[in-house]
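Bear in mind that the values in this text are calculations on the coordinates, not laboratory data. Everything numeric here is computed off the predicted structure, so don't read it as measured data. Quick reminder, even Gly has a Cβ in these numbers, built from the backbone with ideal geometry, and neighbours come from all protein chains shown.
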Amino acid sequence: MQIKIGTLIDGRYRVTAKIGHGGMADVYEATDIIKKTTVAIKMIRDDVMLDSTNLKRFENEALIAASLNHPNIVKVFNHGTIAGVPYIANEYIKGQTLKDVIDFRGALPLEEAVDYMIQLTDALYFAHQHNIVHRDVKPENIYVMPDGTIKLADFGIAQAEGLDNNLTKTNEIIGSVYYMAPEIAKGKKATPKSDMYAAGVAFFEMLTAHPPFESDSAVNIAVMHIKNKFPSLKQYVPECPKEIEKIIQKATNKDPNLRYADMGEFKEALEKIKTNIDNLKPKKGFLARIFGFK
């Protein structure tokens, strides 16, 4: 369903422009005429709506994300239908995805990556405290605002305690394979620890500009998560402090029981790194300091 510019949705949202076309929805810019603010309207596409599972996932996102109020989670303000087609009115994001940033800039500076991770772990800890597992944590679903704030988005395949829309079949593997925890690749149920693994993979990618496992085959990548040793960060970033590598190794341990107890503990480890980040930087020798050698 195409929405005409100028359409007033639910007597509140005046559509001003079409700004995007995603996997499940068309996205429009609109003005909330009551609050006088700009919002984004996600309207499920007609072809996507034909699949009842996709429809449930869209509705799932509206219900779950609307229940979360956190500065690092894209806020859902409202949801409803227009001419029988579901829509979501959410926070208007002026920023690129973290994937866009990495693709354009390559590996990120340590301080910047740690700052993004502190925000991400805080957002996930909040969601987990509300019994919500995201299940699709990846740079494509993280937005970077101009001021450095990050926003976690896309709760379409998230699972919440007490909300069962039968979105997945038994042992169905969902989410991006590049960030898939070994237990998920084995067909087990997603937990906060699988979100933690995905966040650890995202941290690795921020610092290296590469996911840890790559192949032309999604099945091969899933098997790598299960069987292959997680690659050393120093393979890509030789000067990276061992403390950072230890954090990534712990968050991405193949045994969920050996990862951090929760995202709060993961965040605490990152905050300790941030406090001492100057002490972690590679020390330059005397000649390098004098003549500027690397």
For this session: In whole Hz, with x marking every Gly and Pro, tabulate ³J(HN,Hα) for the range 112-117 from phi via Karplus 6.51 cos²θ - 1.76 cosθ + 1.60, θ = phi - 60°.
Result: 5, 4, 5, 4, 4, 5
Exercise. Pick from PRO109, PRO241, PRO256: which is most flexible by mean-square fluctuation in a GNM of the chain where alpha carbon atoms under 10 Å apart are linked?
Worked result: PRO109
For this session: Pull up the cross-link candidates among the aspartates and glutamates for LYS186, meaning alpha carbon to alpha carbon under 17 Å and not fewer than 8 places away within one chain.
Result: ASP136, GLU172, ASP195, ASP255
Exercise. Which value, in debye to the nearest 20, describes the size of the charge dipole of the range 1-104 about its Cα centre when Lys and Arg Cβ atoms bear +1, Asp and Glu Cβ atoms bear -1, and nothing else is charged?
Worked result: 340
Problem set entry | Alpha-carbon radius of gyration plus Dmax, which is the widest Cα pair, for the range 1-54 in Å | 11.8, 35
For this session: Would you grab the residues whose amide H sits under 5 Å from the one on TYR87? Only those 5+ places off in sequence or on another chain, please, with H modelled 1.01 Å from N.
Result: GLY80, THR81, ILE82
Exercise. Among all the aspartates and glutamates, which ones have a C-alpha under 12 Å from LYS75's C-alpha, if same-chain residues fewer than 8 places away are not counted?
Worked result: GLU61, GLU91, ASP154
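Dividing the convex hull volume of the alpha carbon atoms of the chain by its residue count, what do you get in Å³ per residue? Kindly include the intermediate steps, with their values, before the conclusion.
Working: hull volume 44.8 nm³, N = 294.
In the chain, the Cα convex hull volume per residue is 152 Å³.
Let me have the relative contact order for the chain, percent, based on Cα pairs under 8 Å that are six or more residues apart.
Numbers: 480 pairs, mean separation 41.6, N = 294.
Reported relative contact order: 14 percent.
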For this session: Could you run the Karplus curve 6.51 cos²θ - 1.76 cosθ + 1.60 with θ = phi - 60° over the range 223-230 and give me ³J(HN,Hα) per residue in whole Hz, x for Gly and Pro?
Result: 5, 4, 4, 7, 9, 7, 5, 5
For this session: Rounded to the nearest 500, what is the 222 nm mean residue ellipticity of the chain from helices alone, with -39500 (n - 2.57) per DSSP H run of 4+ residues and division by all residues?
Result: -11000 deg cm²/dmol
Seminar exercise, completed: Given backbone amide H placed at 1.01 Å from N, residues whose amide H is under 5 Å from that of ILE9, ignoring those fewer than 5 places away on the same chain, are ARG14, VAL15
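Given the pairs LYS18/LYS189; LYS18/LYS99; LYS94/LYS227, which are separated by over 28 angstrom at their Cα positions?
Pairs exceeding the cut-off: LYS18/LYS189; LYS94/LYS227.
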For this session: Name the most mobile residue of ASP154, ASP216, ASP122, meaning the one with the largest mean-square fluctuation, in a Gaussian network model of the chain with Cα contacts below 10 Å.
Result: ASP216
Exercise. Among PRO212, VAL133, VAL177, which residue has its Cα positioned farthest towards the positive end of the charge dipole of the chain, with +1 placed on the Cβ of Lys and Arg, -1 on the Cβ of Asp and Glu, and the dipole taken about the Cα centre?
Worked result: PRO212
Problem set entry | Per-residue ³J(HN,Hα) for the range 261-266, Karplus 6.51 cos²θ - 1.76 cosθ + 1.60, θ = phi - 60°, Hz, x for Gly and Pro | 4, 7, 5, x, 5, 4
Seminar exercise, completed: Given Cβ charges of +1 for Lys and Arg and -1 for Asp and Glu, the option among ALA25, LEU98, ASN60 whose Cα lies farthest towards the positive end of the dipole of the chain is LEU98
For this session: Quick one: among LYS254, LYS94, LYS267, which has the greatest mean-square fluctuation in a GNM of the chain with alpha-carbon springs under 10 angstrom?
Result: LYS94
For this session: Straight distance only, please: which lysines reach the Cα of LYS242 with their own Cα at less than 22 Å, same-chain residues fewer than 8 apart left out?
Result: LYS229, LYS234, LYS250, LYS254, LYS267, LYS272, LYS274, LYS281, LYS283, LYS284, LYS294
